[in-house]
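A.B. asks: Right, I'll just put the structure down here and ask away after.
Just so you know, all these numbers are worked out from the coordinates, no wet-lab data involved. Remember, predicted model here, so these are calculated numbers, not experimental data. Here the Cβ positions follow ideal geometry from the backbone for every residue, glycine too, while neighbour counts run over all protein chains shown.
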């Protein structure tokens, strides 16, 4: 996750005081943030769902007792954050029991929901449970969102959920995944954010997992991505200058860090060196290092987009053991610094900042997790590459027969 607002507030403070703020000293490394897909069932079948969820039960999901056992191990492993997700997590009968225990154990506890099942009574339960944060997915205005979510009325129900939660004092954020089919709605969604008095806007670049991989041919083109980032940067910068408590964050494309550095070099050049140091400390892509995923069956993955790569089951080994095991070649590479990336990523001047970006896109389009990330929207001249080398870039082709064959071989 790239925290735009955090960096913008530091830049605003530096401009005001004449000194870049000194970072807080870190403590001993904690465990990763864990995004936990407690259930795969969902009442929607969204176009970009990485879990390929549908509205039916999935056999073999972890029981409440098994979840609690895993939570004990996560706490001992110093995992700081649990994001309870799905499918639609509100369709799991013991969700509030799990969330209450998570809060009692001291985890920062988030809920990731599509919002369509949140009525007044459910909003009361969410507020009473004390979730630290609830993310509601909105992928455009009414027509666009309902088409993405494949349910007429989904937009109105999700917006109503946001209002209900805000009325109860729950911290709420909007979650948006941009593709070529909904990029036009981003400015209006940002205005809706303020109208709803929402605390956070999470902008997700499309990642090539699940239905998101099947529909990767509809990924936003580089110019549209750059325009979206320019808009988010300006929005976050003005919010920082005005003291607005808004949070703008992005995910699934770590080129956002170098692109912010370029934005600062053009507008606030005095502070570019200090920002570069901050971005190097951030390190870019955190898959397999600072972010982890447990799926509904208890299988561990480097992050939510790696469901096709299984690291092991918490029914057979504790999460802490699985996460620390680098005998898996992918995990060994993800935990290596710098990562063993190839293509234009290997020679990029910003490799220390982005960490090689998202390895899933490389793997899904080429079969090689260490190939260049085809989702990087930076030009040759912006990464120190040989001019014209863009012609040899890894292309993003629509999902086709070769992809079907790769997927079948994984499950053979």
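A.B. asks: Order these peptides, 221-227, 108-114, 38-44, by their mean beta-carbon neighbour count within 10 angstrom, highest first.
C.D. replies: 108-114, 38-44, 221-227
A.B. asks: When all alpha-carbon pairs of the chain are counted, what percent fall beyond 41 Å?
C.D. replies: Values: 8562 of 84666 pairs.
Distances greater than 41 Å cover 10 percent of the Cα pairs.
A.B. asks: Could you tell me the extents of the range 222-381's C-alpha atoms along the three principal axes, largest first, rounded to whole Å?
C.D. replies: 52, 37, 28
A.B. asks: Listing 314, 360 from the residue with the fewest other Cβ atoms within 10 Å to the one with the most, what is the order?
C.D. replies: 314, 360
A.B. asks: Order these peptides, 81-91, 2-12, 263-273, by their mean beta-carbon neighbour count within 10 angstrom, highest first.
C.D. replies: 81-91, 2-12, 263-273
A.B. asks: Can you tell which of 290, 56, 145 shows the greatest fluctuation in a Gaussian network model of the chain with Cα springs below 10 Å?
C.D. replies: Greatest mean-square fluctuation among the candidates belongs to 56.
A.B. asks: Give the order of 63, 327 when sorted by the count of other beta carbons within 10 angstrom, beginning with the fewest.
C.D. replies: Ordered from fewest to most neighbouring Cβ atoms within 10 Å, 63, 327 come out as 327, 63.
A.B. asks: Starting with the highest mean, order 64-76, 173-185 by the number of other Cβ atoms within 10 Å, averaged over the residues of each peptide.
C.D. replies: 173-185, 64-76
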